[in-house]
Amino acid sequence: MKRKISLLFLAVFILGVLAGCGSSDSMSKKVELRNDPVKSSSDYSSGTGNISSGNSNTNNSNTSSDKLKVGFIQTANESGWRAAHTQSMKDTFGTDKYTYTFVDGQGDQKVQIAGIEKFINEKYDVIILAPIVEDGWDDILKKAKDAGIPVIIVDRMVSADESLYSCWIGSNFDKEGKDAAQWLVDNNGTTEAQNIVILEGTTGASAQIGRSEGFDSIISKYTNYTVLASESGDFDKAKGKDLMKDYLGRFDKIDVIVTQNDNMAYGVIEAIQEAGGKASDYTIISFDGEANAFKEMISGNIAVDVECNPLQGPTVEEVMKKILAGETVEKKLYMEEGVYPASEAADEVANRKY
């Protein structure tokens, strides 16, 4: 009998220790951040990670009940752009003014939904969501609305009814696609035959949908451009590299390569170089505008980069304050962004903050 009691006590003790190890007052260890968020996308692995509660400001416990509780659910840490996006939120909300909790979505919608559920149960004041895909959010957003918790969608969009969330803040992906195509037409002309291959982002993500539809709406007007293939590289460098290798093996003549984020562009460049070619022999169009992509433009490897601004934290805070004050805000708010050809890269690279 004593042995059974001892074993039971030991088991309870071990569970208590494990539970303690699972809690944290810092950001998830999955997302590697630093004061200078500019970092090569290749330095970020996909990994596994977990939900991490607590304030991201490790110098302050920030658990006072009179502080607004703000929860941010990220997609994953697949790129330097994503790290800068996370950093912007941390810089804004990981302060003495807020109790801030960060959730690494790990590229899994189920993890993100679990994060929202957690924030609802713990009665957070505001939930910020960067959705992985557009569909599948209706039920959990309705639950947040019924609980009286405003949800601000950032970066990618959701297909749920607009009444279920407060607003969306991000990039005009359709315009980005159109801008890329228009730059190509203006730069490469409308007469010489051009073969295009496209590396799409995660299928079903707003950036993938918008950039694809926007690009096609312009380029389809010109008969000298032929899209040989348009397939998903999942916004991932390794997958983008593998897809580019496949394209190089399948097609004898490729003139233009459209890669829907910088992360995949780095993989494309590596694939071309490992095949004995030069990236400068192609017109490579990329999206995001990372500092490292600007360096690739300076080296002649990328022809143009369409900016997608990740520094959304201050805008989210401004909108959040209006929502909590009962003010009406626009349902869609677009970040300011630009188009940067290689000719401007050297002058602009020092200004990049990610």
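The values are calculated or read from the model by the stated rules, or taken from the named source; none is laboratory data. Values in this document were obtained by computation on a predicted structure and should not be read as measured data. Quick reminder, even Gly has a Cβ in these numbers, built from the backbone with ideal geometry, and neighbours come from all protein chains shown. What goes into the accessible areas is simple: the full protein's heavy atoms, side chains included, and nothing from ligands, DNA or RNA. Shrake-Rupley method; radii C 1.70, N 1.55, O 1.52, S 1.80 Å.
When nucleic acids and ligands are ignored and a 1.4 Å probe is applied, ASP186 ends up with an accessible area of around 110 Å². Within straight-line reach of LYS322, meaning a Cα separation under 17 Å, sit the following aspartates and glutamates at least 8 residues removed in sequence or on another chain: ASP125, GLU330. Exposure check, 1.4 Å probe, all protein chains in place: LYS118 carries approximately 40 Å² of accessible surface. Relative contact order of the stretch 131-253: 25 percent, from C-alpha pairs under 8 Å at least 6 residues apart in sequence.
Taking 0.36 nm per residue of sequence separation and removing the Cα-Cα distance, the ASP139/SER163 pair yields an extension gain of 7.4 nm.
Taking 0.36 nm per residue of sequence separation and removing the Cα-Cα distance, the SER343/ASN187 pair yields an extension gain of 55.0 nm. Summary of the geometry: the stretch 67-118 and the stretch 263-301, compared by the centres of their Cα atoms, lie 30 Å apart.
Once the other residues with Cβ under 10 Å from the Cβ of SER166 are scored (Lys, Arg +1; Asp, Glu -1), what is the net sum? Summing Lys and Arg as +1 and Asp and Glu as -1 gives +2. A crude spin-label estimate for the pair THR226 and GLU336, with each label 7 Å from Cα along the Cβ direction, gives 4.3 nm. ALA147 sits among other residues whose Cβ lies under 14 Å from its own Cβ, and their net charge, with Lys and Arg +1 and Asp and Glu -1, is +1.
Built from the Cα atoms of the stretch 221-354, the convex hull projects on average onto 10.5 nm², one quarter of its surface area. For the stretch 195-209 versus the stretch 316-345, the inter-centroid distance based on Cα atoms is 23 Å.
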